[in-house]
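The values are calculated or read from the model by the stated rules, or taken from the named source; none is laboratory data. Small disclaimer: the values here were computed from a predicted structure and weren't measured. So basically every Cβ, Gly included, is an ideal-geometry build from the backbone, and we count neighbours across all protein chains shown.
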Amino acid sequence: MKGLKGYFLLMLLIMTAVSADAKILLPQILSSNMVLQRDKPLNIWGFAAVGEVVTVSFAGQVKETITDANGKWIVVLSALKTSAVPSTMTIKGSNTIVLDNILVGEVWLCSGQSNMEYAMRKLERVKKPLNEKLGYPVDELKKANNPQIRIFLVNRKQLSKPDSLHKSWNIAQDSALKNFSAAGYFFAKELQKKLNIPVGMISSAVSGSAIEPWIPRESLETGYFSGQKVGNDPGKFYTPMIEPLTPFALRGFLWYQGETNCFLKENISYSYKMKALINSWRTAWKDKDMPFYYVQIAPFNYSTSKGKIALDEYTEPEFWEAQAQLLRMPNTGMVVTTDLNDYPDDLHPNYKWEIGRRLALWALAKDFNQQLTWSGPIYKSVKFKGNTAKLEFEHIGKGLISIDGKPLDCFSMAAKDGKFFPAEAIIKDNKIIVSVKGLKKPVAVRFGWNEAMRPNLYNKDGLPALPFRTDNPLTTQFKPI
């Protein structure tokens, strides 16, 4: 198994230094308190002495194997049904390991940079949100006490090392939850509440990281990237922080990253990098259909930031556009965040609870067949007629609305000369009619196309519309498959 290669290579070096009666060793990800993915075959693996018989017993199954010439072993448990009753796994060889308090439910991996890493302990220090409708769970860390939610926080220096304590999974509460991803936890909380099953979350994120370190190097050497020199240390975090997890069965992935690449003024190239990440992770887990849900980077004053690369007010909308291209890939979904930063100079906005909830909406609808609206309006098509443009949207839910009751804002329109003017927009039959007084024969419409804009177009389910423009030829060249 490719996912075991790096782990086993390290372990082989360890095992050659110990005696022939070496004890069974397990990876960090296998421990007491873990949640195992339901309805999928389950790998249980590790190391022991060469030729040793290893037996794994769990949930009425008993599987036996013999370690190979390198001392590695693996057994595959048959798929299990949901179980909220704590169970014990026993692994026997020259020694016996007992892992207890194990549940069976849904397991998700969340990754990215600082906004995914953003820890629960920070909730107590955030400024009071201006949008009271979205809540403010400032005391969630103190109240959290749900043994059906389990968490595993990846330590980049420890993940590939064997674990002798078998306590790396924890119930989502107290000191363990304090340092865990807030977005990941609130996703799990919403999922567990709606499905009433155990949920396990694995967080593997690094503050300030670009996307390239999370992608296997070989995935950035072919196709779109052939002949290019890709920077930002490709594979740097994938190898120690993702690859050792790949034998562990999951339902899907959550991704919150992009600010670092946006500061580099990337656009369509980021789409291809994200495509490479999604495909490589799905390949590593041997499931081309694994769900991949991600977060639009929040509004921020990139244009006033001081860096080596000059940015402007359109840098971020162009990056949003690049992120949105991945919606063309199967089983992907994006959370829109244009309304989730009260302070545009804050690169780490609050509302992580709403981020988690909106991510959960995608999963609940797409993976668990819940009847709900999971996305805000997304631009579908435009028809120009005379001096107006008619826009059609997907994900209108119960209908399009202005969330504040005021006229729709943040629309602009241009004729062939490419000069955009603020436009009037009205809702008619759940389509939007756009016009500019005195502008003849318009050819392009833009919406929310400025980092400072906070559009008021939503659906009646309370989810904001995704910014877009109708006039970028680059997006038609992106090939998702």
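Things to note:
- Residue, nearest to the chain's Cα centre (by Cα), within segment 431-453, restricted to residues that are touching a residue at least 12 places away in the same chain (Cβ under 8 Å) and surrounded by fewer than 15 Cβ atoms within 10 Å (Cβ to Cβ): Ala452
- Qualifying positions in segment 334-358 - under 18 Å from Tyr458 (Cβ atoms) and either assigned to a helix (DSSP H, G or I) or under 15 Å from the mean Cα position of the chain (by Cα) (or both): Met334, Val335, Val336, Thr337, Glu354, Ile355, Arg357, Arg358
- Residues of segment 47-71 satisfying the condition of being assigned to a strand (DSSP E or B) and modelled with pLDDT of 95 or more: Val53, Val54, Thr55, Val56, Ser57, Phe58, Gln61, Val62, Lys63, Glu64, Thr65, Ile66
- Residue selected from segment 301-346 under the condition charged (D, E, K, R) and in contact with a Ser or Thr (Cβ under 6 Å, 6 or more places away or on another chain), by the criterion farthest from Leu130 (Cα to Cα): Asp312
- Scanning segment 128-157 for residues that are under 20 Å from Val35 (Cα atoms) and in a loop (DSSP other than H, G, I, E, B) turns up Ala144, Asn145, Asn146, Pro147, Gln148, Val154, Asn155.
- Qualifying residue in segment 313-321 (condition: under 17 Å from the mean Cα position of the chain (by Cα), assigned by TED's automatic domain parsing to the domain that holds Ile215 and surrounded by fewer than 22 Cβ atoms within 10 Å (Cβ to Cβ)): no
- Residue in segment 320-327 that is assigned to a loop (DSSP other than H, G, I, E, B), hydrophobic (A, V, I, L, M, F, W, C) and modelled with pLDDT of 95 or more present: no
- Residue count, segment 77-95 (criterion: surrounded by fewer than 16 Cβ atoms within 10 Å (Cβ to Cβ) and among the hydrophobic types (A, V, I, L, M, F, W, C)): 3
- Consider segment 338-356 and keep the residues that are in contact with a helix residue (DSSP H, G or I) (Cβ under 7 Å, 6 or more places away or on another chain) and at negative phi. The one that is surrounded by the most Cβ atoms within 10 Å (Cβ to Cβ) is Lys352.
- Counted residues, segment 22-72 - those being surrounded by 22 or more Cβ atoms within 10 Å (Cβ to Cβ), farther than 27 Å from Asn170 by Cα and in contact (Cβ under 8 Å) with a residue 60 or more places away in the chain: 1
- Just one of (1) crowded, with 16+ Cβ neighbours inside 10 Å; (2) in a strand (DSSP E or B) fails for Val98. It is (1).
- Whenever a residue of segment 308-322 is touching a residue at least 60 places away in the same chain (Cβ under 8 Å), its partners that are of a type in the set (Lys, Arg), lying with C-beta atoms within less than 6 angstrom and at least six residues away or across chains, give the pairs Thr315/Lys265.
- All positions within segment 250-281 that are surrounded by fewer than 21 Cβ atoms within 10 Å (Cβ to Cβ) and within 29 Å of Phe152 (Cα to Cα): Leu250, Thr260, Asn279, Ser280
- Filter result for the condition that a residue is in contact with a Ser or Thr (Cβ under 6 Å, 6 or more places away or on another chain), crowded, with 20+ Cβ neighbours inside 10 Å and not assigned by TED's automatic domain parsing to the domain that holds Ala324, over Ala389, Ala423: Ala423
- Of the residues making up segment 73-95, those that are touching a residue at least 60 places away in the same chain (Cβ under 8 Å) and among the polar types (S, T, N, Q) are Thr82, Ser83, Ser94, Asn95.
- Top-ranked residue in segment 202-239 [being in a loop (DSSP other than H, G, I, E, B) and small (Gly, Ala, Ser); ranked as surrounded by the fewest Cβ atoms within 10 Å (Cβ to Cβ)]: Gly227
- The condition of being in a loop (DSSP other than H, G, I, E, B) and over 30 Å from Trp108 (Cα atoms) holds for only one of Lys390, Lys441, that being Lys441.
- Just one residue in the set Phe420, Phe411 is of a type in the set (A, V, I, L, M, F, W, C) and within 30 Å of the chain's Cα centre (by Cα); that residue is Phe411.
- Odd one out for Gly227, checked against (1) touching a helix residue (DSSP H, G or I) at 6+ places or on another chain (Cβ under 8 Å); (2) more than 20 Å from Leu109 (Cα to Cα); (3) not polar (S, T, N, Q): (1)
- Verdict on Met290 being of a type in the set (A, V, I, L, M, F, W, C), touching a residue at least 12 places away in the same chain (Cβ under 8 Å) and not in a loop (DSSP other than H, G, I, E, B): no
- The C-beta contact set for segment 257-279 (first residue part of a loop (DSSP other than H, G, I, E, B) and acidic (Asp, Glu), second residue buried (at least 23 other Cβ atoms within 10 Å of the Cβ) and modelled with pLDDT of 95 or more, distance under 7 angstrom, 6+ apart or interchain) comprises Glu266/Phe319; Glu266/Ala322.
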